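Student: Have a look at the structure that comes next, please.
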Amino acid sequence: MSAQPLLAVKGIDAFYGTSQALFGLDLEVRAGQVMALIGRNGAGKSTTMRTLMGLLPAAAGEISLAGRPLSGAAPYIAARRGLGYVPEDRQIFTAHTVEENLEIAEKPGTDGRRLWTIQGVYDLFPILRERRHGAAGRLSGGEQQMLAIARTLMGNPDILLLDEPSEGLAPIIVDQIAEVVLSFRRAGLTVLLAEQNMHFCLRVATDVTVISKGSAVFRGDVETFRVNDDVKRHHLTA
Ligand SMILES: Nc1ncnc2c1ncn2[C@@H]1O[C@H](COP(=O)(O)OP(=O)(O)OP(=O)(O)O)[C@@H](O)[C@H]1O
């Protein structure tokens, strides 16, 4: 394992107006990890993602990517530097076809390579190949989630940020998304996954950061987390 984390977040604070949502949050993601950011509703998972992407400013602290500062960067810079964000609300272009959504998002990775192609993402999500000429707005919720992930892959990110990919989906679809995240894990793609669904996290993650009231309260590998009933009881159960 390399000494330097791919993504390092140190002591970040974030606010919505005067209301503070993150309190000195620390987070590290190393290359090849599937890091689950687990926390209750309102714990600050989405806020962490938004702050990483530059959609919300960090009022304090530092963010660095591959050893270079990222704090204060605009969202398009964060994307160019290798962060690929799949927001909770998916934000696909509903009036465009599935294929147009993918074409719009195509860009080389930070190393100039284009590992992901339209055919590659169709192989990962065959249903999108079937629906490729249809309007994205006509897809089911699960298919829209798949399209949101596929579209982000088209940007060849170094780190994939997935915000609650299982939210609101039927168990069979959640299962398919879990299989896809597991395939990323096998391929060595680095993932930061915000989730409330503990079962999903335990299945796909290599490592866990538990967030509670805007701060990290546990960091460790998934096996250490699995047996830590104290953390689960105090910070995760309702
Ligand atoms: N746009 C907003 N304006 C004001 N406060 C917000 C906004 N978005 C989130 N918050 C507040 O910030 C805190 C963290 O919310 P956040 O959405 O990051 O939590 P979360 O862990 O992602 O949970 P959820 O599953 O509900 O998205 C909460 O107290 C929430 O009410």
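The values are calculated or read from the model by the stated rules, or taken from the named source; none is laboratory data. Just so it is clear, the model here is predicted, and its values are computed rather than measured. Cβ placement follows ideal geometry from the backbone for every residue including glycine, while neighbour counts extend to all protein chains displayed. These area figures cover heavy atoms from the full protein model, side chains too; ligands, DNA and RNA do not enter into them. Shrake-Rupley method; radii C 1.70, N 1.55, O 1.52, S 1.80 Å.
Student: Cα convex hull of the stretch 23-89: mean projected area in nm², to one decimal? Kindly include the intermediate steps, with their values, before the conclusion.
Tutor: Details: hull surface 19.6 nm².
Seen from a random direction, the Cα hull of the stretch 23-89 projects 4.9 nm² on average.
Student: Can you list which of the DSSP-assigned H helices in the chain have a Cα extent of 20 Å or more along the long axis and an average Kyte-Doolittle score of at least -0.5?
Tutor: Details: long enough: 171-187 (24 Å, 0.85).
Membrane-span-like by this rule: 171-187.
Student: Report the Stokes-Einstein translational diffusion coefficient (µm² s⁻¹, integer) for the stretch 52-153, Rh taken as the Kirkwood radius over Cα pairs, at 4 °C with viscosity 1.567 mPa s.
Tutor: 88 µm²/s
Student: Size of the dipole of the chain about the Cα centre, Lys and Arg at +1 and Asp and Glu at -1 on the beta carbon, nothing else charged, in debye to 20?
Tutor: Computed about the Cα centre, the dipole is about 240 debye.
Student: Can you tell which of T48, I38, G24 lies farthest toward the positive end of the dipole of the stretch 20-126, using +1 and -1 charges on the Cβ of basic and acidic side chains (Lys, Arg; Asp, Glu)?
Tutor: Selected residue: G24.
Student: Give me the distance between the Cα centres of the stretch 186-238 and the stretch 109-180, rounded to whole Å.
Tutor: After rounding, the separation between the Cα centres reads 23 Å.
Student: For the stretch 78-187, what is the accessible area per residue in Å², given a 1.4 Å probe and the full set of protein chains?
Tutor: On the way: 5120 Å² over 110 residues.
With the other protein chains kept in place, the stretch 78-187 gives 47 Å² per residue.
Student: Still on this structure, please answer the following. List the relative contact order of the stretch 1-148 as a percent without decimals, with contacts defined as Cα pairs under 8 Å and 6+ residues apart.
Tutor: 20 percent
Student: Rank A194, L161, A150 by how far each Cα sits towards the positive end of the charge dipole of the stretch 124-228 (+1 on Lys, Arg Cβ; -1 on Asp, Glu Cβ) and give me just the farthest.
Tutor: It is A150, whose Cα lies furthest towards the positive end.
Student: State the percentage of accessible surface on the chain attributable to carbon and sulfur atoms; use a 1.4 Å probe and exclude ligands, DNA and RNA. Don't jump to the answer; show the numbers that get you there.
Tutor: Numbers: 5650 of 10980 Å².
Carbon and sulfur atoms account for 51 percent of the accessible area of the chain.
Student: Treat every Asp and Glu Cβ in the stretch 81-191 as -1 and every Lys and Arg Cβ as +1, leave all other atoms uncharged, and give the resulting dipole magnitude about the Cα centre to the nearest 20 debye. Could you put the intermediate results ahead of the total?
Tutor: Numbers: 12 positive and 16 negative charges, 67 e Å.
It works out to roughly 320 debye.
Student: Which one of G220, G112, A79 has its Cα pushed farthest toward the positive end of the charge dipole of the stretch 76-232, where Lys and Arg give +1 and Asp and Glu give -1 at the Cβ?
Tutor: With unit charges placed on the Cβ atoms, the residue in question is G112.
Student: Stokes-Einstein diffusion coefficient for the chain at 37 °C in a medium of 0.692 mPa s, Rh from the Kirkwood formula over Cα pairs: what value in µm²/s?
Tutor: 182 µm²/s
Student: Which value, in debye to the nearest 20, describes the size of the charge dipole of the stretch 5-126 about its Cα centre when Lys and Arg Cβ atoms bear +1, Asp and Glu Cβ atoms bear -1, and nothing else is charged?
Tutor: Roughly 320 debye, rounded to the nearest 20.
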